[in-house]
1. Consider N36 carefully, then state whether it is modelled with pLDDT under 70, on the phi < 0 side of the Ramachandran plot, in a helix (DSSP H, G or I) and not hydrophobic (A, V, I, L, M, F, W, C).
Amino acid sequence: MSDPDLYSPDPWRREAARIRQQNAQRQRDSWNKPKNHYQGSGKVERLQQAMLQYS
C-alpha cells in the first residue's frame, strides 16, 4: 500500500502522504489491540461519568 504522493516532487503532498500512512498504521494497531483493553483501565468509567455530567 504505497502512496504515489510519497514520491511527489511537491513537499506538501509528500508530507500529506506520510501522515495518511501514519494514520492508517495507527488504525491497524488499534484494530489489532485486544478488545478488552478498556476494561479495568478506568477509561470506560470516566467516560460514563463524563456523559452523565453533560447529559
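1. Details: modelled with pLDDT under 70: yes; on the phi < 0 side of the Ramachandran plot: yes; in a helix (DSSP H, G or I): yes; not hydrophobic (A, V, I, L, M, F, W, C): yes.
Against the criterion (modelled with pLDDT under 70, on the phi < 0 side of the Ramachandran plot, in a helix (DSSP H, G or I) and not hydrophobic (A, V, I, L, M, F, W, C)), N36 qualifies.
Table: residues versus (1) of a type in the set (G, A, S); (2) modelled with pLDDT of 75 or more.
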position: M1; (1), (2): no, no
position: P4; (1), (2): no, yes
position: Q22; (1), (2): no, yes
position: D29; (1), (2): no, yes
position: V44; (1), (2): no, no
position: A50; (1), (2): yes, yes
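The values are calculated or read from the model by the stated rules, or taken from the named source; none is laboratory data. The model shown is predicted, which means the values in this text are computed figures rather than measured ones.
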